[in-house]
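The values are calculated or read from the model by the stated rules, or taken from the named source; none is laboratory data. For clarity, every value in this text was computed on a predicted model and none was experimentally measured. Cβ coordinates were reconstructed from backbone atoms using ideal geometry, including for glycine residues, and neighbour counts include every protein chain displayed.
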Amino acid sequence: MTARRRQAGTVYLVGAGPGDPALITVRGRDLLARADLVICDALAPGALRREARPGATIVEVGPAHGRRALEQASINRLMIARARRGLNVVRLKGGDPCIFGRGGEEAEALATAGVRFEIVPGVTSALGAAATAGIPLTHRRHASSVVLATAHVGRGKDASAVDWKPLAGAGSAVVYMAVGRLEEITAGLAAAGRSPTTPAALVRWATRPDQEVLVGTLGSLAGLARRAGLGPPAILIVGDVVRLRPRLDWFGRRPLAGRTVVVTRAREQSASLSALLEEDGARVLEAPAIEIVPPTSWAPLDRALAALDRFNILIFTSVNGVARFFGRLEDRRIDIRDLAGL
Ligand code: SAH
């Protein structure tokens, strides 16, 4: 009999969704919680790293993290080597792994290496942006087709290599990686027959609380974006559907949309307040300025506890007071029923 070989691991190419960490799939989150190694792209929402198993190794490979992005070949090598060693690897990518995310190329490398892999789809940023900008990409009255495209057509090629015709002819056209080449893209679409008066929107950081939306026309948007100094990542939506935004902008109408709130509560207590604020659209920065510590002396409380019959009313001014008070009762083995007489 041959020696038992260590069972090889699996590589999961997981779509992290467009920006809001809650938009990952249940399957994606389950895999994150079990992975031994997580290889994250810069566009994958940072908060999702917290979903990883505490002992998991997390490797950042996006250019937004200072150092030069790990070369694609090194990423492939890392995934393959670790899976062969028996580790389960999650390759976490922004949006959907196979929509302009090189998921296809990574899957090919894994297939060539004979490594088991799985592709877990994600909400691509076109769909995220459409939802939170209030721009339905298809609509019975306005658009019966949608094209997803990019002007980045490969190393060494520029936007002139793009065939704009299918985009110009689509009901709605969505262009990824649009910011740096907005002039060329809008000019290309117009040259291919799309009217310069077609409504167009640029959505930056879609689905996140700091989402920005710029609306204009095919003719005006590039100038507007330049003047606004809008940088990447942003996605361009062109088509009559953009006209629906003023009525359907539910995201921008949430009561705290566009506001940033600093939560200074103690770290253990900030999460519930932050969640409420985020639910109403706020961007929350947690900066705990309060630390809850035991009192330097319990003597005053102990004196009061020893003479409970002298009090008529007991007032607590915070949940912390309640927790500490009852904690002390327990430590001193005082029966909670002694309070009944108050
Ligand atoms: N796989 C990703 C796309 C990666 S290409 C997906 O499915 O979404 C990177 C481009 O995606 C960016 O240049 C930008 O055009 C777009 N993008 C990604 N996240 C975005 C976001 N939160 N808001 C707007 N555009 C985004």
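Points to keep in mind about this one:
- Any hit, the range 122-144, residues being within 15 Å of the ligand (Cβ to nearest atom), part of a strand (DSSP E or B) and in contact with a strand residue (DSSP E or B) (Cβ under 6 Å, 6 or more places away or on another chain): no
- Among residues of the range 267-287 being among the polar types (S, T, N, Q) and either under 18 Å from the mean Cα position of the chain (by Cα) or loosely packed, with under 13 Cβ neighbours inside 10 Å (or both), the one that is farthest from PRO209 (Cα to Cα) is SER272.
- Count of the range 207-217 residues which are more than 16 Å from the ligand (Cβ to nearest atom) and either out of contact with any Pro (no Cβ under 7 Å at 6 or more places or on another chain) or outside any strand (DSSP E or B) (or both): 1
- Of all residues making up the range 209-230, the number that are within 18 Å of the chain's Cα centre (by Cα), touching a residue at least 24 places away in the same chain (Cβ under 8 Å) and surrounded by fewer than 20 Cβ atoms within 10 Å (Cβ to Cβ): 1
- Residues of the range 87-102 satisfying the condition of being at pLDDT below 95 and more than 6 Å from the ligand (Cβ to nearest atom): ARG102
- Given (1) within 12 Å of the ligand (Cβ to nearest atom); (2) surrounded by fewer than 18 Cβ atoms within 10 Å (Cβ to Cβ); (3) among the charged types (D, E, K, R), index of the condition GLU108 fails: (1)
Matching residues to (1) aliphatic (A, V, I, L, M); (2) within 16 Å of the ligand (Cβ to nearest atom); (3) not in a loop (DSSP other than H, G, I, E, B):
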site	(1), (2), (3)
GLY219	no, no, no
GLY231	no, yes, no
VAL241	yes, no, yes
PHE251	no, yes, no
LEU256	yes, no, no
ILE290	yes, no, no
PRO300	no, no, yes
ARG303	no, no, yes
